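The values are calculated or read from the model by the stated rules, or taken from the named source; none is laboratory data. Being a predicted model, the structure only gives us computed values, none of them experimental. Here the Cβ positions follow ideal geometry from the backbone for every residue, glycine too, while neighbour counts run over all protein chains shown.
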Ligand code: FAD
Ligand code: DLZ
């Protein structure tokens, strides 16, 4: 090709055909650069399935762009001349093509955003960094909404997004006369042969090649590739979305918080990896869900719940991430310092709820929201695990984990390490919650009804110990008034027994005993 005017790097989470960096560019006058680089694969030890998913989706996307007439220069991880970082690969490509400028869509996280800011100086040519408009709210819109508010809450932001998109609106009123149907969405589930199942996509040749590469180059990373069945093309991701809309959406609301042993999916969509890398468009999914409601095929509580997760939570956590700044990951409001137990990487624990969530996570790189928040997240919160370590684990282990979405969910929502910037209270729970929302406790070695003694469910004493330990910081939180009243009303000997029980457990945990 003649010397192109533009070099367009497309990063691993920018696999959308309509990405802003390609807009208005003549394919005949540009080279798209895609790079598998060691630095991105190792800045944390990503789960093997996460790297395989990303590399395979990138390779398929490169082919799709070529078919659409783009010239794509694709640098593979095992290319002997691959220099291993975005910036050094870009420098090599600049030397190869001598373009007059670079166009790129803004990065999804602070680390890479800072790299991009240096490119103009380091590469010596103009760099046009374009807004990522795959989100409903721009950074400026979120900042304008947040400005001057005493506290930020998802619910108020969500209503703005409903008004902006017109989703589930009747003029200026919410469909059904209510913004939020969450109270109807807390039902436990029963195992059921008719339960919906997402499609499984057996690895094609390109994916198998990537899996072999991952096994060879990232052998020391956590997780397994044995159950790998993710879609890796936009077409298959669309098929998965159809499957969800047809078979699972109707039950999504009712069973959103439910957990069942051996059931990975329940009525969840399992679409987050595809949305986050750009194979599916989030707003389009919301419109399709709304159409299911309007056609009478899915109830309002389900569709409102689904839409809220995407234009509410997903957009809100992104806004918080960029507003909180690059130091967000260092916050530690509760001064939690304990190391994350080693069984987070092996799944070897006798607590059945933890074993279920961890085993599934290590096998598949996916767990649903309540497993992440109320099982692995709750346990880390109760034992006082260091939030930076907890953050690193979630970023490594889940296929859909990109810092802009993972960090606020982990550090803010789950560990309350931002002191309430994102949410109004810590999601701390005793065994009773797990027992109410799942069937995990039935086959557990521990007894969820006992609070003390060798057979007591560890979550029970840990819960009260967490409240007692953090009383100074949390007791004035109005949403914790009830549990603190219960704590205050306990006999001193009951309190002491609970704290001794928790201390004994934490001691055994720190000693690395099997618990
Ligand atoms: P569904 O339950 O079907 O929900 C529908 C969609 O809503 C999801 O696909 C997702 O796009 C969106 N969504 C739902 N909840 C959230 C949320 N809290 N924040 C942002 N988007 C949401 N989500 C990620 O995409 N990446 C992460 O790295 C991530 N880390 C998390 C860490 C913790 C500690 C917790 C508690 C939650 C985390 N989440 C993360 C949010 C949520 O758990 C996942 O989005 C969800 O489990 C993905 O599965 P699904 O597609 O079946 O979701
Ligand atoms: C997560 C990831 C991994 C493991 N590898 C690559 C890669 O080799 N090349 C690439 O373009 N992107 C990768 N990614 C995703 C990037 O880390 C992601 O695009 C940035 O985090 C965005 O800020």
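Taking the conditions exactly as written (farther than 30 Å from residue 216 by Cβ and in contact with a helix residue (DSSP H, G or I) (Cβ under 9 Å, 6 or more places away or on another chain)), does residue 39 satisfy them or not? Steps first, answer last, please.
Numbers: farther than 30 Å from residue 216 by Cβ: no; in contact with a helix residue (DSSP H, G or I) (Cβ under 9 Å, 6 or more places away or on another chain): yes.
In short, no.
Please specify each residue of segment 376-394 satisfying the condition of being within 16 Å of ligand 2 (Cβ to nearest atom), surrounded by 21 or more Cβ atoms within 10 Å (Cβ to Cβ) and either touching a residue at least 60 places away in the same chain (Cβ under 8 Å) or outside any helix (DSSP H, G or I) (or both). Answer for segment 376-394, where residues must be within 16 Å of ligand 2 (Cβ to nearest atom), surrounded by 21 or more Cβ atoms within 10 Å (Cβ to Cβ) and either touching a residue at least 60 places away in the same chain (Cβ under 8 Å) or outside any helix (DSSP H, G or I) (or both): just 391. Assess whether residue 4 counts as being more than 20 Å from residue 208 (Cβ to Cβ), at pLDDT below 95 and more than 22 Å from the chain's Cα centre (by Cα). Yes; evaluated as a whole, the condition is true for this residue. Picking from 312, 319, which residue would you name as being away from ligand 2 (no atom under 16 Å from the Cβ), touching a helix residue (DSSP H, G or I) at 6+ places or on another chain (Cβ under 6 Å), under 29 Å from residue 247 (Cβ atoms) and modelled with pLDDT of 95 or more? Being away from ligand 2 (no atom under 16 Å from the Cβ), touching a helix residue (DSSP H, G or I) at 6+ places or on another chain (Cβ under 6 Å), under 29 Å from residue 247 (Cβ atoms) and modelled with pLDDT of 95 or more holds for just one of 312, 319, which is 312. Within segment 428-442, the set of residues being touching a residue at least 40 places away in the same chain (Cβ under 8 Å) and within 25 Å of the chain's Cα centre (by Cα) comprises 428, 429, 433, 434, 436, 437, 438, 439, 440. Restricting attention to segment 1-19, the residues that are away from ligand 1 (no atom under 16 Å from the Cβ) and closer than 30 Å to residue 225 by Cβ total 5.
Residue count for segment 107-129 satisfying the condition of being away from ligand 2 (no atom under 14 Å from the Cβ) and either within 25 Å of the chain's Cα centre (by Cα) or modelled with pLDDT under 95 (or both): 0.
Count of segment 198-224 residues, restricted to those that are within 23 Å of residue 280 (Cα to Cα) and within 21 Å of the chain's Cα centre (by Cα), is 3. Here is a check on your reading of the model: is residue 11 closer than 25 Å to residue 283 by Cα and either outside any helix (DSSP H, G or I) or out of contact with any strand residue (DSSP E or B) (no Cβ under 6 Å at 6 or more places or on another chain) (or both)? Yes, satisfied.
Counting only residues that are under 34 Å from the mean Cα position of the chain (by Cα), in contact (Cβ under 8 Å) with a residue 40 or more places away in the chain and within 30 Å of residue 345 (Cβ to Cβ), give me the helices (runs of 4 or more DSSP H) lying completely in segment 470-515 with at least 3 of them. Give the derivation first.
Details: elements: 471-474, 481-489, 492-510.
Qualifying helices (runs of 4 or more DSSP H): 492-510.
Selection of segment 227-284 for residues being within 16 Å of ligand 2 (Cβ to nearest atom) and either over 16 Å from residue 399 (Cα atoms) or outside any helix (DSSP H, G or I) (or both) yields 228, 230, 232, 278, 279. If you filter segment 443-466 down to residues that are touching a residue at least 60 places away in the same chain (Cβ under 8 Å) and in a helix (DSSP H, G or I), you find that the one that is farthest from residue 481 (Cα to Cα) is 443. Among (1) surrounded by 13 or more Cβ atoms within 10 Å (Cβ to Cβ); (2) more than 26 Å from residue 251 (Cα to Cα); (3) touching a strand residue (DSSP E or B) at 6+ places or on another chain (Cβ under 9 Å); (4) touching a residue at least 40 places away in the same chain (Cβ under 8 Å), where does residue 127 come up short? With (1) surrounded by 13 or more Cβ atoms within 10 Å (Cβ to Cβ); (2) more than 26 Å from residue 251 (Cα to Cα); (3) touching a strand residue (DSSP E or B) at 6+ places or on another chain (Cβ under 9 Å); (4) touching a residue at least 40 places away in the same chain (Cβ under 8 Å) applied to residue 127, the lone miss is (4).
Anything in segment 26-51 that is near ligand 2 (Cβ under 6 Å from one of its atoms) and either touching a residue at least 60 places away in the same chain (Cβ under 8 Å) or within 13 Å of residue 75 (Cα to Cα) (or both)? List them, or say none. Walk me through how you get there before you give the answer.
Of the residues in segment 26-51, the ones near ligand 2 (Cβ under 6 Å from one of its atoms) are 35-37, 40-41, 46, 51.
Once the filter is applied, which keeps residues that are near ligand 2 (Cβ under 6 Å from one of its atoms) and either touching a residue at least 60 places away in the same chain (Cβ under 8 Å) or within 13 Å of residue 75 (Cα to Cα) (or both), segment 26-51 yields 35, 36, 37, 41, 46, 51.
Note on segment 395-422: residues that are buried (at least 22 other Cβ atoms within 10 Å of the Cβ) and over 25 Å from residue 46 (Cβ atoms) amount to 1. If you filter segment 155-177 down to residues that are in a loop (DSSP other than H, G, I, E, B) and free of Cβ contacts under 8 Å to residues at least 24 places away in the same chain, you find that the one that is surrounded by the most Cβ atoms within 10 Å (Cβ to Cβ) is 166. Counting the residues of segment 184-202 that are surrounded by 13 or more Cβ atoms within 10 Å (Cβ to Cβ) and without any contact (Cβ under 8 Å) to a residue 60 or more places away in the chain gives 2.
Among the residues of segment 20-45, what is the count of those that are assigned to a loop (DSSP other than H, G, I, E, B), more than 16 Å from ligand 1 (Cβ to nearest atom) and within 21 Å of the chain's Cα centre (by Cα)? Let's see the steps before the verdict.
So the first thing to find is which residues in segment 20-45 are assigned to a loop (DSSP other than H, G, I, E, B), and the list is 23-26, 36-37, 43-45.
Keeping just the survivors that are more than 16 Å from ligand 1 (Cβ to nearest atom) gives 23-26, 36-37.
Subsequent filtering for residues that are within 21 Å of the chain's Cα centre (by Cα) retains none.
Looking only at that region, the number is 0.
Mind checking which residues of segment 427-442 are touching a helix residue (DSSP H, G or I) at 6+ places or on another chain (Cβ under 6 Å) and part of a loop (DSSP other than H, G, I, E, B)?
427, 428, 429, 430, listed by residue number.
Every condition in (1) within 15 Å of ligand 1 (Cβ to nearest atom); (2) touching a residue at least 40 places away in the same chain (Cβ under 8 Å); (3) assigned to a helix (DSSP H, G or I) holds for residue 399 except the one numbered (3).
Residues are listed down the side, and each one gets a yes or a no for (1) at positive phi; (2) surrounded by 15 or more Cβ atoms within 10 Å (Cβ to Cβ):
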site	(1), (2)
67	no, no
73	no, yes
78	no, no
84	yes, yes
90	no, yes
94	no, yes
97	no, yes
100	no, no
107	no, yes
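Whenever a residue of segment 300-326 is touching a residue at least 24 places away in the same chain (Cβ under 8 Å) and farther than 18 Å from residue 167 by Cβ, its partners that are within 11 Å of ligand 1 (Cβ to nearest atom) and not in a helix (DSSP H, G or I), lying with C-beta atoms within less than 6 angstrom and at least six residues away or across chains, give the pairs 320/422.
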